[in-house]
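Peer 1: This is the structure I have questions about; it appears just below.
The values are calculated or read from the model by the stated rules, or taken from the named source; none is laboratory data. Everything numeric in this text was worked out from a predicted model, so none of it was measured. Neighbour counts are summed over all protein chains in view; Cβ atoms, including those assigned to glycine, are modelled from backbone coordinates with ideal geometry. Accessible surface is based on the protein model in full, side chains and every heavy atom, while ligands, DNA and RNA are left aside. Shrake-Rupley method; radii C 1.70, N 1.55, O 1.52, S 1.80 Å.
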Amino acid sequence: MNKLDTNVPLIVIDVQKAFDDKSWGKRNNPFAEKNIEKLIEHWNSHQRLVIYVKHISKNKESLFHPKNETSEFKEMITPLPNDMIITKSVNSAFIGTTLEEILRKRNCPNIVITGLTTNHCVETTARMAGNLGFNPYLVSDATATFDRQSLSGETLTAEKIHEMTLANLHEEFAIIKTTEEIVAML
């Protein structure tokens, strides 16, 4: 198994209280936050860069609007002084932010991506990272999503959406690994 260079940052996307709201419905992977926390602890113990991405909506009715407590990070997220926090208002952590510039200035061709939700901001960021020439690793058990309704009204389960998203990304836009596999690469 390959080792990750010491300059590989961990990018933690949208681990915010808004995703605890019942309006999202049924979710897969109840252990995603524990795995994210484990990754953060390993990055911190190796003094590696963690970049936290926070979704801030311009819509005043949104759970992600800055006036709502639900826009705050979940309690497990406690950035250290050397960590970075980037805010975004769209799905990609690269649009309207300095993320690409930060990664290029630090010579970080490889990145590790985790967060919420698999088929929205995590997927969009991973796709863009691949398109921009980065080599993203996406941590399969450190992300999660929610059930959705298809256009025909069928319920698409969070687990199937999660699996399909990972399958679509794997080896085209990102390399899919588990938390244990990534930790072993440090």
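Peer 1: I'm told Val8 meets every condition in (1) part of a loop (DSSP other than H, G, I, E, B); (2) surrounded by fewer than 20 Cβ atoms within 10 Å (Cβ to Cβ); (3) at pLDDT 95 or above except one. Can you identify the failing condition by its number?
Peer 2: (2)
Peer 1: Would you confirm whether or not the range 77-94 contains a residue that is of a type outside the set (Lys, Arg), surrounded by 17 or more Cβ atoms within 10 Å (Cβ to Cβ) and touching a Lys or Arg at 6+ places or on another chain (Cβ under 6 Å)? I'd like the intermediate steps shown before the answer.
Peer 2: Here is the first cut: in the range 77-94, the ones of a type outside the set (Lys, Arg) are 77-87, 89-94.
The next check asks that each one be surrounded by 17 or more Cβ atoms within 10 Å (Cβ to Cβ); those that pass are 77, 83, 86, 91-94.
So of that shortlist, the ones also touching a Lys or Arg at 6+ places or on another chain (Cβ under 6 Å) come out as none.
Taking every residue of the range 77-94 in turn, none turns out to be of a type outside the set (Lys, Arg), surrounded by 17 or more Cβ atoms within 10 Å (Cβ to Cβ) and touching a Lys or Arg at 6+ places or on another chain (Cβ under 6 Å).
Peer 1: Taking the range 79-100 as the region of interest, how many residues are part of a loop (DSSP other than H, G, I, E, B) and closer than 20 Å to Ser45 by Cβ? Break it down stepwise before answering.
Peer 2: Taking the range 79-100 as the starting set, the residues that turn out to be part of a loop (DSSP other than H, G, I, E, B) are 79-83, 89-98.
Imposing the further condition that a residue be closer than 20 Å to Ser45 by Cβ reduces the set to 79-83.
Going through the range 79-100 one residue at a time, the tally reaches 5.
Peer 1: Suppose we filter the range 132-162 for residues that are among the acidic types (Asp, Glu) and surrounded by fewer than 15 Cβ atoms within 10 Å (Cβ to Cβ); how many remain? Break it down stepwise before answering.
Peer 2: Residues of the range 132-162 that are among the acidic types (Asp, Glu), as a first pass: 141, 147, 154, 159.
Now drop any that are not surrounded by fewer than 15 Cβ atoms within 10 Å (Cβ to Cβ), which leaves 154.
Total satisfying the criteria: 1.
Peer 1: Right, next: Just checking, how many residues over the range 147-169 are assigned to a strand (DSSP E or B) and over 16 Å from Thr124 (Cβ atoms)?
Peer 2: Pass one, the range 147-169, residues assigned to a strand (DSSP E or B): 148-149, 155-156.
The next check asks that each one be over 16 Å from Thr124 (Cβ atoms); those that pass are 149, 155-156.
Residues flagged as assigned to a strand (DSSP E or B) and over 16 Å from Thr124 (Cβ atoms) within the range 147-169 amount to 3.
Peer 1: Any idea which of Asn110, Asn131 is closer than 24 Å to Thr6 by Cβ and out of contact with any His (no Cβ under 6 Å at 6 or more places or on another chain)? Steps first, please.
Peer 2: Numbers: Asn131 fails: closer than 24 Å to Thr6 by Cβ.
Of Asn110, Asn131, the one residue that is closer than 24 Å to Thr6 by Cβ and out of contact with any His (no Cβ under 6 Å at 6 or more places or on another chain) is Asn110.
Peer 1: Okay, moving on. Considering only residues that are surrounded by fewer than 17 Cβ atoms within 10 Å (Cβ to Cβ) and in a helix (DSSP H, G or I), which ones fall in the range 104-125?
Peer 2: Those that are surrounded by fewer than 17 Cβ atoms within 10 Å (Cβ to Cβ) and in a helix (DSSP H, G or I): Arg104, Lys105.
Peer 1: For the range 56-70, indicate whether the set of residues that are open to solvent by 20 Å² or more (accessible area, probe 1.4 Å), at negative phi, part of a helix (DSSP H, G or I) and in contact with a Ser or Thr (Cβ under 6 Å, 6 or more places away or on another chain) is non-empty.
Peer 2: no
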